[in-house]
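Novice: Pasting in a structure now, in C-alpha cells, and then I'll have a few things to ask.
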Ligand code: BMA
C-alpha cells in the first residue's frame, strides 16, 4: 500500500517495534520528547504539529505559559526528536486589518498545501474557533481569516484540493469543556469562504462515546484517507482521551469507509496519565515515509508534554479494516 500525500522521509524519527509487543502502535522508548519546561516560561508543551522542512523538520507548538496563556510557538529540529522552540509566541501578520486579533491559540495543525505551509489552530475570537494562517519559512506567519464561526475546534485541512475544493474537518463545540461533538467537513474554493458542510461521523461506543475530533492531517492512500482522530470517554473521574483511526472515501471524504471500534492508543503511561489534565493522548501530526510505510505520530500527553509513537501504514490500514464498526 502506498501513500501519495507525503514524500520520502528517510530521516524521520523511527524505532522498531519492541519484541513481544503486538499492538498496532508502539510508543517511543525515550518519551516524552519535549518536557513541559523546555522554554524558560513554559508550563506545558503538548498537542503540537510538525512537518518535514528543508533538511530537517519544522513545527508549530502549543506552549502554555506560566501565566497560563495559551499560545503557539515556531520550532525547528534536525532529527524530529530534539527541538529548538522560539521562546516567544508567533506574532501573526494580519493580511486583512479587519480580522480580529487572536485572543489565544492552541492545538495547531500544519499542512503543506500547494505552495506553502498552512496552519489551522483553535483560535480565540469571542470563544474558540478555527484560525487559518500560513508561512513559507517558519519565521513570518500570516493570519488569513477565522475559517468558521465560533464555537469550533479541531480544524484540519486536507493536503490537496478534492474535486476543485479545499476541504477542512472540524468539530463544532461550545465555550466550555464540550460534552458532545461530531466531526464535519466544510468546503471552500478560496480558503476564506467555507460552506457545503457535510456530516462525517459522531461519537459511538466505549472510548469514543462522548465526543470525537480529527487529529493529524489525513494521509492519502489507495484505500482512502487515513485519519487518526481522538475520542473521549466520560468516566466517573472525568474525560479520558484516546485515539483511533478511520478510512474516509478518497473523492467524498464525508463517507466513512472504516473506523476502529477499539482504540489504537489510550492513556496508560505515567506521562499520559499524570499531568495538568490526566488521562489524555491527543495526536496533532504525523510524519510518513512512502518508501518504508513508516509513520511517526506526535501527540500530547496529559496536556503537559509531547510524545511520539510509531506504526506502519499497511498495518494500521489492515487493523482499521479488520476491527471496523461504522
Ligand atoms: C480539549 C482541548 C485539548 C486538550 C483536551 C484535554 O478540549 O482543549 O487541547 O488536550 O481538551 O484537556
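Novice: Scan the range 200-211 and give yes if some residue there is under 21 Å from residue 109 (Cβ atoms), in contact (Cβ under 8 Å) with a residue 40 or more places away in the chain, within 13 Å of the ligand (Cβ to nearest atom) and surrounded by 15 or more Cβ atoms within 10 Å (Cβ to Cβ), otherwise no.
Specialist: Yes, the range 200-211 contains a residue that is under 21 Å from residue 109 (Cβ atoms), in contact (Cβ under 8 Å) with a residue 40 or more places away in the chain, within 13 Å of the ligand (Cβ to nearest atom) and surrounded by 15 or more Cβ atoms within 10 Å (Cβ to Cβ).
Novice: Let me ask you something else. How about the range 200-240: which of its residues are more than 16 Å from residue 325 (Cα to Cα) and not in a strand (DSSP E or B)?
Specialist: 210, 215, 216, 217, 218, 222, 223, 236, 237 - these are the residues of the range 200-240 that are more than 16 Å from residue 325 (Cα to Cα) and not in a strand (DSSP E or B).
Novice: Out of the range 262-277, which residues are buried (at least 16 other Cβ atoms within 10 Å of the Cβ), in contact with a strand residue (DSSP E or B) (Cβ under 7 Å, 6 or more places away or on another chain) and in a loop (DSSP other than H, G, I, E, B)?
Specialist: Result: 263, 264, 266, 267, 275.
Novice: Here's a check for you: in the range 314-326, which residue that is part of a helix (DSSP H, G or I) and in contact with a strand residue (DSSP E or B) (Cβ under 8 Å, 6 or more places away or on another chain) is surrounded by the fewest Cβ atoms within 10 Å (Cβ to Cβ)?
Specialist: Taking the candidates together, the pick is 321.
Novice: Identify, by number, the condition in (1) within 16 Å of the chain's Cα centre (by Cα); (2) away from the ligand (no atom under 14 Å from the Cβ); (3) buried (at least 21 other Cβ atoms within 10 Å of the Cβ) that residue 243 doesn't meet.
Specialist: (2) is the only condition that residue 243 fails.
Novice: Tell me, which residue of the range 126-138 that is touching a strand residue (DSSP E or B) at 6+ places or on another chain (Cβ under 7 Å) and more than 16 Å from the ligand (Cβ to nearest atom) is nearest to residue 75 (Cα to Cα)?
Specialist: Out of the qualifying residues, it is 138.
Novice: Any idea which residue in the range 60-88 is surrounded by the fewest Cβ atoms within 10 Å (Cβ to Cβ), counting only those that are within 16 Å of the ligand (Cβ to nearest atom) and under 28 Å from residue 11 (Cβ atoms)?
Specialist: It comes out as 73.
Novice: Further question: Any residue that is touching a residue at least 24 places away in the same chain (Cβ under 8 Å), crowded, with 20+ Cβ neighbours inside 10 Å and outside any loop (DSSP other than H, G, I, E, B) - is there at least one of those in the range 190-199?
Specialist: no
Novice: Could you run through the range 278-313 and say how many residues are in a loop (DSSP other than H, G, I, E, B) and either in contact with a strand residue (DSSP E or B) (Cβ under 7 Å, 6 or more places away or on another chain) or on the phi > 0 side of the Ramachandran plot (or both)?
Specialist: Residues in the range 278-313 being in a loop (DSSP other than H, G, I, E, B) and either in contact with a strand residue (DSSP E or B) (Cβ under 7 Å, 6 or more places away or on another chain) or on the phi > 0 side of the Ramachandran plot (or both): 6 in total.
Novice: Given (1) part of a strand (DSSP E or B); (2) away from the ligand (no atom under 15 Å from the Cβ); (3) buried (at least 23 other Cβ atoms within 10 Å of the Cβ), where does residue 258 come up short, assuming only one miss?
Specialist: Going through (1) part of a strand (DSSP E or B); (2) away from the ligand (no atom under 15 Å from the Cβ); (3) buried (at least 23 other Cβ atoms within 10 Å of the Cβ) one by one, residue 258 breaks only (3).
Novice: Residue pairs, Cβ under 8 Å, 6 or more apart or interchain, first in the range 275-295 and under 21 Å from residue 263 (Cβ atoms) and in contact (Cβ under 8 Å) with a residue 60 or more places away in the chain, second outside any strand (DSSP E or B) and within 9 Å of the ligand (Cβ to nearest atom). List them.
Specialist: 275/302; 275/303; 282/303
Novice: Additional query: Out of all the residues in the range 161-182, which are more than 16 Å from the ligand (Cβ to nearest atom), in contact with a strand residue (DSSP E or B) (Cβ under 7 Å, 6 or more places away or on another chain) and closer than 27 Å to residue 74 by Cα?
Specialist: Taking the range 161-182 and keeping what is more than 16 Å from the ligand (Cβ to nearest atom), we get 161-168.
When the remaining residues are screened for being in contact with a strand residue (DSSP E or B) (Cβ under 7 Å, 6 or more places away or on another chain), the result is 165-168.
166, 167, 168, listed by residue number.
Novice: Still on this structure: How do the pairs read when you match residues in the range 227-256 that are without any contact (Cβ under 8 Å) to a residue 24 or more places away in the chain with residues anywhere that are more than 16 Å from the ligand (Cβ to nearest atom), using Cβ under 6 Å and keeping only pairs 6 or more apart or on different chains?
Specialist: If the second residue must be more than 16 Å from the ligand (Cβ to nearest atom), the pairs left are 255/249.
Novice: Pick from the range 68-110 the residues that are without any contact (Cβ under 8 Å) to a residue 12 or more places away in the chain and part of a loop (DSSP other than H, G, I, E, B): which of them is nearest to residue 170 (Cα to Cα)?
Specialist: Filtering the range 68-110 for residues that are without any contact (Cβ under 8 Å) to a residue 12 or more places away in the chain and part of a loop (DSSP other than H, G, I, E, B), the one nearest to residue 170 (Cα to Cα) comes out as 101.
Novice: Across the range 45-67, what is the number of residues that are more than 22 Å from residue 214 (Cβ to Cβ) and in contact (Cβ under 8 Å) with a residue 60 or more places away in the chain?
Specialist: Count: 1.
Novice: Hey, could you check the range 34-58 for residues that are surrounded by 19 or more Cβ atoms within 10 Å (Cβ to Cβ), in a strand (DSSP E or B) and within 16 Å of the ligand (Cβ to nearest atom) and say which is farthest from the chain's Cα centre (by Cα)?
Specialist: It comes out as 42.
Read-outs throughout are calculated quantities, based only on the coordinates presented, and are distinct from any laboratory measurement. This one's a predicted model, so the numbers in the text were calculated from it and none came from an experiment. A quick note on method: Cβ atoms are made from the backbone with ideal geometry, for glycine too, and the neighbour counts reach across all protein chains shown.
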